[in-house]
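The values are calculated or read from the model by the stated rules, or taken from the named source; none is laboratory data. Note that this is a predicted model, so its numbers are computed, not measured. When we count neighbours, we look across all protein chains shown, and the Cβ atoms used for this are built from the backbone with ideal geometry, even at glycine.
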Amino acid sequence: MRGGQHVGIPFAAIHLAMPMVFVVGWSATAAAVAVGLYAVRALAITVVYHRGLAHRSFRMPRAVQAVGATVATTAGQRGPLWWVGHHRIHHRRTDKDGDPHSPVVAGFWRAHLLWLFDERNQETDPTAVPDLAALPEMRLLDRWHHAVTAGLAAATFLTGVALARFDPALEVNGPQLFVWAFCLSTLALWHSTFAVNSFAHRFGPRRFATDDESRNLWWVAVLTFGEGWHNNHHRFPRSARQGLGRFELDPSWWVIWVMGRVGLADGIRVASSVRIATALTEDRKPPGQRRSRCSASTAAASAVASVPLHPAPRRLA
Ligand SMILES: [Zn+2]
Ligand SMILES: [Zn+2]
């Protein structure tokens, strides 16, 4: 089977399943589980796949990292090696040739979802993820990502069957919970994640004059728990906190902060206020008066302050 088809069949099936919401009806239980699974899986994508594994903006105990990556894999966005590998390439080549999903280079719809079906984007470049490829649990998740996602689909159906039998007052059943809690929730999560790659590189203000078209887009930040502050993120990619302004709500950062407080995260990096102020001044200068892009990039890369949140680091992955 060709790679694009391999991705495309489940992708098309879930989109085509959407009219089933009118067939299976609804219940408060099904809607609540759908919202809950959206939130938990969205946070696993942003906190674990993105800020934890792709950017190493904090460290987790290996068991926590494995559990978090398993939850992220149930989101149907493929396994950790593929996700992280393509995201790291996006940061290396942002909005230039070689970026797998740039609306500037290849158009809005290709950046939003069509890039997923390109044969060239099916494989993972092992040189982009040597740290993850060294971990057997990450290789296992990556290889069996379809089974992990299908496991959640089956669990929603079986839970609905069990609830219908043991608590009929909830008015939920197997097909209804499967359609709402798995299909609808996964579809919404796909498109909110995709919006970071498409909308947040095309629409919205730019706080920092980065060498790309990244934007800060509030409604994408709401849907993705903070990932819509994407211009901030491209300026300070190693910062665990992406909402830098007072009203830039960043729930993914709140989760990382809490993880640090309870000993589940360590070595948390955040962009310091001094570095943010320096970047704002430096980026707005005319190119001739600006430090070279190389030195500016170096400054950006180092513009993070390590914030140890507990004194005795646990054994880390
Ligand atoms: Zn981006
Ligand atoms: Zn990133």
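Of the helices (runs of 4 or more DSSP H) entirely within the stretch 156-275, those holding at least 2 residues that are in contact with a strand residue (DSSP E or B) (Cβ under 8 Å, 6 or more places away or on another chain) occupy 230-235, 251-261. Taking the listed residues 206, 235, 261, 241, the one that is touching a residue at least 40 places away in the same chain (Cβ under 8 Å) and either touching a helix residue (DSSP H, G or I) at 6+ places or on another chain (Cβ under 6 Å) or within 12 Å of ligand 2 (Cβ to nearest atom) (or both) is 235, with no other qualifying. Looking across the stretch 44-58, the residues that are within 16 Å of ligand 1 (Cβ to nearest atom) and surrounded by fewer than 23 Cβ atoms within 10 Å (Cβ to Cβ) come down to 54, 55.
Just to be sure before I move on: is residue 198 closer than 30 Å to residue 23 by Cβ, modelled with pLDDT of 95 or more and within 17 Å of the chain's Cα centre (by Cα) in the structure I sent? Against the criterion (closer than 30 Å to residue 23 by Cβ, modelled with pLDDT of 95 or more and within 17 Å of the chain's Cα centre (by Cα)), residue 198 does not qualify.
Residues in the stretch 52-68 that are away from ligand 2 (no atom under 16 Å from the Cβ) and under 13 Å from the mean Cα position of the chain (by Cα): 68 alone. The residues on offer are 101, 50, and the sole one that is closer than 27 Å to residue 221 by Cβ, out of contact with any Pro (no Cβ under 6 Å at 6 or more places or on another chain) and assigned to a helix (DSSP H, G or I) is 50. The set of residues in the stretch 120-155 being modelled with pLDDT of 95 or more and not in a helix (DSSP H, G or I) consists of 129, 134, 135, 144. Taken over the stretch 40-51, residues that are more than 11 Å from ligand 2 (Cβ to nearest atom) and touching a residue at least 40 places away in the same chain (Cβ under 8 Å) amount to 5.
Taken as a whole, the structure places residue 116 among residues that are under 19 Å from the mean Cα position of the chain (by Cα), at pLDDT below 95, closer than 22 Å to residue 38 by Cβ and surrounded by 15 or more Cβ atoms within 10 Å (Cβ to Cβ).
Only one entry in 196, 262 is within 15 Å of ligand 1 (Cβ to nearest atom) and either in contact with a Cys (Cβ under 7 Å, 6 or more places away or on another chain) or of a type in the set (A, V, I, L, M) (or both), namely 196. Of the residues contained in the stretch 185-192, none is found to be under 21 Å from residue 102 (Cβ atoms) and crowded, with 24+ Cβ neighbours inside 10 Å. When 34, 17 are checked against the criterion of being more than 16 Å from ligand 1 (Cβ to nearest atom), closer than 25 Å to residue 173 by Cα and either within 12 Å of the chain's Cα centre (by Cα) or buried (at least 19 other Cβ atoms within 10 Å of the Cβ) (or both), a single residue qualifies: 34.
Could you tell me whether residue 158 is closer than 14 Å to residue 33 by Cα and surrounded by fewer than 19 Cβ atoms within 10 Å (Cβ to Cβ)? It is true that residue 158 is closer than 14 Å to residue 33 by Cα and surrounded by fewer than 19 Cβ atoms within 10 Å (Cβ to Cβ). Are any of the residues in the stretch 59-66 within 16 Å of ligand 1 (Cβ to nearest atom), of a type outside the set (Lys, Arg) and in a helix (DSSP H, G or I)? No. Yes or no: the stretch 239-248 includes at least one residue that is away from ligand 1 (no atom under 16 Å from the Cβ), closer than 17 Å to residue 56 by Cα and modelled with pLDDT of 95 or more. For the stretch 239-248, residues away from ligand 1 (no atom under 16 Å from the Cβ), closer than 17 Å to residue 56 by Cα and modelled with pLDDT of 95 or more: present.
Tell me yes or no: at least one residue of the stretch 22-42 is more than 17 Å from residue 137 (Cβ to Cβ), part of a loop (DSSP other than H, G, I, E, B) and among the basic types (Lys, Arg). Checked the stretch 22-42: no residue is more than 17 Å from residue 137 (Cβ to Cβ), part of a loop (DSSP other than H, G, I, E, B) and among the basic types (Lys, Arg). Filtered by the rule that a residue be at pLDDT below 95 and farther than 16 Å from residue 188 by Cβ, the stretch 25-45 gives a lone residue, 25.
Would you say residue 188 is under 30 Å from residue 159 (Cα atoms), out of contact with any Lys or Arg (no Cβ under 8 Å at 6 or more places or on another chain) and either in contact (Cβ under 8 Å) with a residue 60 or more places away in the chain or among the small types (Gly, Ala, Ser) (or both)? Taking the combined requirement at face value, the residue satisfies it.
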